1. Can you tell me, using C-alpha contacts under 8 Å and at least 6 residues apart, the relative contact order of segment B:1-97 as a whole percent?
2. How about A:K122: which lysines have a C-alpha closer than 23 Å to its C-alpha, ignoring those fewer than 8 places off in the same chain?
3. In nm, to one decimal, how far is the modelled label at B:E186 from the one at A:L24, with both set 7 Å along Cα→Cβ?
4. Kindly state, to the nearest 0.05, the FRET efficiency for A:V106 paired with A:Q77, given R0 = 51 Å and r defined as their beta-carbon distance.
5. Among the lysines, which have Cα under 23 Å from the Cα of A:K38 when same-chain residues fewer than 8 positions away are ignored?
6. Equivalent ellipsoid semi-axes for segment B:1-95, as square roots of 5 times the alpha carbon gyration tensor eigenvalues: give them largest first, rounded to whole Å.
7. Cα-Cα over 25 Å: which of B:K87/B:K171; B:K28/B:K66; B:K26/B:K75; A:K37/B:K144?
Amino acid sequence: MKCKGIRRKLVAYLDGELEEKQKLSIKEHLTKCGECKKEADLLNKSFYLLKDQQRLKPSQGFEASLWERIYSLEKRQLLPQAIFGRLVHLALPAAVAAALIIGVLVGSSVEKIIPSQTVKLKEERYLTSIGLDSFQDLPTGSLPEIYFNLASAGEVENG
Amino acid sequence: MLDSDVSLMLEFQNGDISSFEKLVQKHKESIINIIYQFIGERDEAEDLAVEVFLRVYRAAKKYQAKAKFTTWLYKITTNLCLNEIRKKAKLQTISLSKPISAGEEKEEELIEKIADAAPSPQQILEKKERNALIRKAIDSLPAKQRMATILQIYEGLSYKEISRILGCSVKSVERRLYWARTNLKERLSSYLTRESGGGF
């Protein structure tokens with residue numbers, strides 16, 4: 001391997017991540033090549049400089065903060081159920097109100113679509129078709145006519 | 001055989017809250033440090049670490065013991081860190097390349113770091129300078145290179161484990177770490193050469 005190839009593998013070599021064959025090849029190269037050896041030393045030093053950083057200790061309140069968050073999470077998880085429970089109680093009145101609103105809206109839109117004169121005309125036609133438009137007088141000599149005449153005469157006398 | 005963390009997680013899944021407490025106790029320091037190295041702010045690191053364990057808590061019911069527990073835990077941590085960086089980039093409230101000067105470091109943090117040796121003012125200054133330089137060097141790395149570096153250097157994970165956490169190939173981890181360490185070496189070279197000359 002040439003220097004360029006060696007250098008590409010130096011970090012993995014220092015981290016002990018290479019196969020035995022590659023490891024030996026690089027090890028051998030480093031005994032012969034001063035520049036690559038220097039590069040390997042600098043990489044190694046920078047690694048230990050970083051590793052030497054002191055680790056933080058968790059603060060005393062860390063676990064308290066965690067349990068506080070867990071507690072509020074549990075509370076929030078209960079909340080949707082409570083809201084859903086309330087919604088069930090409101091469901092029937094809400095459905096009735098919605099049906100009424102829809103009815104009014106549909107009614108008013110139907111009125112807009114069919115003018116009132118057309119509705120009246122259609123109404124008259126319907127009454128004609130079922131014979132309710134012509135009032136037939138009581139048949140002459142019939143019992144209802146006699147009763148009607150007697151009742152009318154009584155009313156006149158009383159009046 | 002199940003690893004002990006997986007067993008604890010399965011016990012927690014079955015309702016044993018003390019197993020969850022044990023997991024938190026065992027891993028909180030690693031998680032806080034991974035996030036701290038990635039983000040660079042102590043308070044934020046702790047807040048995000050709380051979020052990591054909260055996700056573990058929430059995911060318990062769906063948890064399946066497919067891999068090592070730490071792989072899963074570090075994956076949650078990594079995703080959270082990467083999302084945080086994306087959010088910040090969107091808001092443009094901070095620059096990823098913004099150096100965190102030693103002067104911005106909290107006094108409390110500094111005291112904690114230097115408390116063990118009672119160093120001289122000169123040593124304190126040098127340490128501050130070194131920490132600032134390292135912070136700046138780490139912050140300069142692209143997010144995934146940075147996370148691969150943190151997992152490798154500070155948690156001692158293998159390339160294979162890192163590839164599982166980052167969801168990429170081992171080759172890709174090797175490439176990322178090559179570029180990351182080459183960049184870090186360049187950025188720290190002034191300090192490294194001074195050190196070789198006996199400066200620090």
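Just so it is clear, none of the values below were taken in a lab; they were calculated from the coordinates. Being a predicted model, the structure only gives us computed values, none of them experimental. We place every Cβ from the backbone using ideal geometry, glycine too, and count neighbours over all the protein chains shown.
1. The value is 29 percent.
2. Answer for A:K122, where 23 Å is the Cα cut-off: A:K112, listed by chain and number.
3. Each label point lies 7 Å from its Cα, and together they span 3.5 nm.
4. E(calc), rounded to 0.05, equals 0.75.
5. Qualifying lysines at Cα under 23 Å: A:K2, A:K4, A:K9, A:K21, A:K23, A:K27, A:K51, B:K185.
6. Values: eigenvalues 147, 32, 25 Å².
In descending order, the three semi-axes are 27, 13, 11 Å.
7. Numbers: B:K87/B:K171 28 Å; B:K28/B:K66 22 Å; B:K26/B:K75 17 Å; A:K37/B:K144 28 Å.
B:K87/B:K171; A:K37/B:K144, as the Cα separations exceed 25 Å there.
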